[in-house]
Amino acid sequence: MESQGTAAVRVCLPFHLRNLAQVGPEVTVEAARPVSVRSALDAVEARYPMLRGTIRDYDTGKRRAFLRFFACGEDFSLEPMETELPQAVAEGKEPLLVVGAIAGGAV
């Protein structure tokens with residue numbers, strides 16, 4: 001689909017990435033339309049270059065293993081990066097959540 005300008009997209013970052021970028025829990029970026037995980041993350045990395053390679057692999061562009069993406073209660077982690085996010089995200093009503101996965105073992 002052809003780009004139709006940009007959208008102000010809210011993105012919530014996990015604690016370790018907030019510290020690295022020295023930002024609060026949520027940032028707003030101008031993402032290319034149609035808004036997808038890829039366009040939102042491209043905008044985050046353009047505005048906060050220190051995050052390049054922390055959310056997606058430098059070479060492949062694939063999601064890092066211990067991060068997940070959620071929007072409007074849906075898990076977009078295993079969807080293609082070009083999958084359009086819900087309209088509420090594109091309109092800035094709901095954020096794209098970048099969530100650090102929790103790994104653990106038996107107690």
Next item on the list: Being open to solvent by 80 Å² or more (accessible area, probe 1.4 Å), of a type in the set (S, T, Y) and out of contact with any Pro (no Cβ under 6 Å at 6 or more places or on another chain) narrows it down to one of T83, T54, T60, so name that one.
Entry: T60
Check: With respect to P14, is the statement that it is open to solvent by less than 60 Å² (accessible area, probe 1.4 Å) and touching a residue at least 12 places away in the same chain (Cβ under 8 Å) true?
Finding: yes
Margin query: Just the residues that are more than 12 Å from the chain's Cα centre (by Cα), assigned to a loop (DSSP other than H, G, I, E, B) and closer than 20 Å to I102 by Cα, please, taken from the stretch 63-78.
Written below: A65, F66, G73, L78
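Let's see how each residue does on (1) in contact (Cβ under 8 Å) with a residue 60 or more places away in the chain; (2) among the hydroxyl-bearing types (S, T, Y):
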{"position": "T6", "(1), (2)": "no, yes"}
{"position": "P25", "(1), (2)": "no, no"}
{"position": "T28", "(1), (2)": "yes, yes"}
{"position": "A31", "(1), (2)": "no, no"}
{"position": "E45", "(1), (2)": "no, no"}
{"position": "D75", "(1), (2)": "no, no"}
{"position": "E94", "(1), (2)": "yes, no"}
Notebook entry, point to check: Taking the stretch 20-51, which residues are part of a strand (DSSP E or B), touching a Ser or Thr at 6+ places or on another chain (Cβ under 9 Å) and surrounded by fewer than 17 Cβ atoms within 10 Å (Cβ to Cβ)?
Noted result: E30
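The values are calculated or read from the model by the stated rules, or taken from the named source; none is laboratory data. Keep in mind it's a predicted model, so treat the numbers as computed, not measured. Cβ: placed from backbone, ideal geometry, glycine included. Neighbour counts: every protein chain shown. What goes into the accessible areas is simple: the full protein's heavy atoms, side chains included, and nothing from ligands, DNA or RNA. Shrake-Rupley method; radii C 1.70, N 1.55, O 1.52, S 1.80 Å.
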